[in-house]
Amino acid sequence: MQVGYLSYGLLAALAIALLIAAFTDLRRRRIDNWLTAAIALGAPLFWFAMGLTLPEIGWQIGIAIASFAVLAGLFAIGAMGDGDVKLLTALALWIRPDWFLQLIVIMALIGGLLTIVFGAWHIARRRRDRIAIPYGIAISAAGLWVLASQYLPAMQAQIPA
């Protein structure tokens with residue numbers, strides 16, 4: 001893993017993009033296409049900055065494709081929104097495969113908590129329409145968790161003393 005200012009800058013940009021995604025999903029129940037496109041298009045620059053090899057890049061792309069296939073199925077049955085599918089697929093391009101499972105578990109836990117909170121709020125307001133969970137919050141929070149718990153310590157270990 002190669003570390004430099006570009007790597008830190010790109011991770012900071014990703015963190016900002018994830019915060020914007022969470023905020024817009026909470027506010028409008030929508031994650032903009034330009035934001036997920038920017039996240040996806042920033043991944044190759046991050047791969048270069050981190051010094052990933054072609055096989056490692058192949059794994060990143062493979063995880064993103066597999067994620068998209070599963071998430072598209074969830075979208076087809078109405079279990080996930082299209083913005084959530086695109087955000088998590090774009091995020092999969094950034095997260096190392098061995099850390100992606102951690103992201104999924106944390107996302108599921110936060111998503112479950114969000115569902116309980118928004119479900120209780122929905123019932124308390126006596127709403128009868130279908131509840132809309134802003135799952136972009138869970139995706140973004142899990143992504144930020146992985147950045148803070150995995151990438152930053154791993155990158156700091158690479159900095160010469």
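Computed from the coordinates by the stated procedures, all read-outs in this text should not be read as laboratory data. Owing to the predicted nature of the structure, the values given are computational and were not obtained by experimental measurement. Ideal geometry is used to build each Cβ from the backbone, glycine not excepted, and the neighbour counts take in all protein chains shown.
Report the relative contact order of the chain, percent, no decimals, based on alpha-carbon pairs under 8 angstrom and at least 6 residues apart.
Across the chain, relative contact order equals 35 percent.
Calculate how large, on average over all directions, the projected area of the Cα convex hull of the chain is; give the answer in nm² to one decimal. Don't skip to the answer; put the middle values down first.
Details: hull surface 38.7 nm².
One quarter of the hull surface, i.e. the mean projection, equals 9.7 nm².
Within 10 Å, at most 10 other Cβ atoms, and a DSSP state outside H, G, I, E, B define an exposed site. Report the longest part of the chain free of exposed trypsin sites (Lys or Arg not before Pro).
Details: sites that count: Arg125, Arg126, Arg127, Arg128, Arg130.
Free of exposed loop sites, the longest segment is 1-124.
Before rounding to the nearest 500, sum -39500 (n - 2.57) across all DSSP H runs of length at least 4 in the chain and divide by the residue total; then give [θ] at 222 nm in deg cm²/dmol.
Value at 222 nm, helices only, nearest 500: -25500 deg cm²/dmol.
Could you give the distance between the Cα centres of segment 14-57 and segment 59-87, to the whole Å?
If you average the Cα positions of each part, the centres end up 15 Å apart.
Can you work out the Karplus-derived ³J(HN,Hα) for every residue in segment 9-24? Use 6.51 cos²θ - 1.76 cosθ + 1.60 with θ = phi - 60°, whole Hz, and x for glycine or proline.
The phi angles translate into x, 5, 5, 5, 5, 4, 4, 5, 4, 5, 5, 5, 4, 5, 5, 5 Hz.
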